[in-house]
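Step one of this worksheet: look at the structure below.
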Amino acid sequence: MSHPECGYLSAAEIPLSRLYICMAGVFFTAALVWVYTLMKYSVFKIHWLMAALAFTKSASLVFHSINYHFINTEGHPIEGWAVMYYITHLLKGALLFITLALIGTGWAFVKYILSDKEKKIFMIVIPLQVLANVAYIIIESTEEGSSEYNLWKEILFLVDLICCGAILFPVVWSIRHLQEASSTDGKAAMNLEKLKLFRHYYVMIVCYIYFTRIIAILLKITMPFQWQWCYEFLVEVSTLIFFVLTGYKFRPASNNPYLQLPQDEEDVEMDEVVTESGALEGISKVKKTCNGRERQKESTL
């Protein structure tokens, strides 16, 4: 079989290899800037998880670009590079939803402890996200005209939307919790600041989901064939904007309202009340979670 002059990819797919490698460079640069920012402050583990997500996204795009390059030049993907792309793509998908869920629940910043309903979200979303990524890999390696292609494409779209919907629940719960705290707590001003931040974050996630899952797909359908690569460009740019805005809103700065932990007695993780004489009579231990939702007194008589 003779080698096509312009390569094996269609006109809509030829720019993808260059697009992915350029976006990989942009994500890598953003990740370096983020790490440089983290080095200047005292940070939480979630901040490093956000850095890992940006680097993984960059690596995924590099392998995606290499994959498309070999498909264009050789007519088929090179197995080793394809496997590396699929591994980084799976890892990126899992890291994205874990990071969004952890930020949405306030874990590692405010609460340190996940409630049962928040744990259930993780138990549902993470396996579904793995299924969505497996469906994507099968779509990538299946002929477009086959019956399996359409089936897995529908599964991917449905599972992806379920994941995106489920990930909004922790943010909604956190907003509700802060609303309740704002009306009862003396630290209302701080809670209101956090409430605004969560509301902005909720709007950001909704806009990101709508744009990448619905509007971008509608644009892809209406675009001329040779401009179909613009769909991928829009998705990658919107993902970059979402990453940058998330990093900006939850950056480890001293004036970030999300990182200002309430200092009143209700939010002390463990408070021990002991008599001055050290006698055992009347000694009690008070255990509290750091969001003040759970209290338990144990008599140590």
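The values are calculated or read from the model by the stated rules, or taken from the named source; none is laboratory data. Since the model is a prediction, treat every value here as computed from it, not as a measurement. When we count neighbours, we look across all protein chains shown, and the Cβ atoms used for this are built from the backbone with ideal geometry, even at glycine. For accessibility, only protein heavy atoms count, side chains too; no ligands or nucleic acids. Shrake-Rupley method; radii C 1.70, N 1.55, O 1.52, S 1.80 Å.
Kindly indicate whether M84 is in a helix (DSSP H, G or I), at pLDDT 85 or above and under 19 Å from the mean Cα position of the chain (by Cα). Spell out the reasoning first.
On the way: in a helix (DSSP H, G or I): yes; at pLDDT 85 or above: yes; under 19 Å from the mean Cα position of the chain (by Cα): no.
When the stated conditions are applied, M84 does not pass them.
Of everything listed in (1) among the basic types (K, R); (2) within 17 Å of L91 (Cα to Cα); (3) modelled with pLDDT under 90, the single unmet condition for K40 is (2). Per the conditions (1) assigned to a helix (DSSP H, G or I); (2) within 27 Å of F225 (Cα to Cα), the sole criterion not satisfied by F27 is (2).
Just one of S58, S65 is open to solvent by less than 30 Å² (accessible area, probe 1.4 Å) and under 22 Å from the mean Cα position of the chain (by Cα); which is it? Within the list S58, S65, the selection yields S58.
Taking the criterion of being touching a Phe, Trp or Tyr at 6+ places or on another chain (Cβ under 8 Å) and either part of a helix (DSSP H, G or I) or surrounded by 15 or more Cβ atoms within 10 Å (Cβ to Cβ) (or both), the residues of the range 68-77 that qualify are Y68, F70, I71, N72, T73, E74, P77. Within the bounds of the range 133-142, is there any residue that is of a type in the set (A, V, I, L, M) and closer than 19 Å to I209 by Cα? Yes, the range 133-142 has at least one match.
Within the range 71-87, none of the residues are in contact with a Leu (Cβ under 9 Å, 6 or more places away or on another chain), of a type in the set (S, T, N, Q) and within 23 Å of Y208 (Cβ to Cβ). Residues in the range 43-89 that are of a type in the set (S, T, N, Q) and over 21 Å from F233 (Cβ atoms): T73 alone. Would you point out the residue of the range 13-37, among those that are of a type outside the set (A, V, I, L, M, F, W, C) and open to solvent by 60 Å² or more (accessible area, probe 1.4 Å), that is modelled with the highest pLDDT? Ranking the candidates gives T29 first.
Give I113, I124 a once-over and let me know the one that is part of a helix (DSSP H, G or I), open to solvent by 70 Å² or more (accessible area, probe 1.4 Å), at pLDDT below 85 and in contact with a Cys (Cβ under 9 Å, 6 or more places away or on another chain).
Details: I113 fails: part of a helix (DSSP H, G or I).
I124 is the lone residue from the list that is part of a helix (DSSP H, G or I), open to solvent by 70 Å² or more (accessible area, probe 1.4 Å), at pLDDT below 85 and in contact with a Cys (Cβ under 9 Å, 6 or more places away or on another chain).
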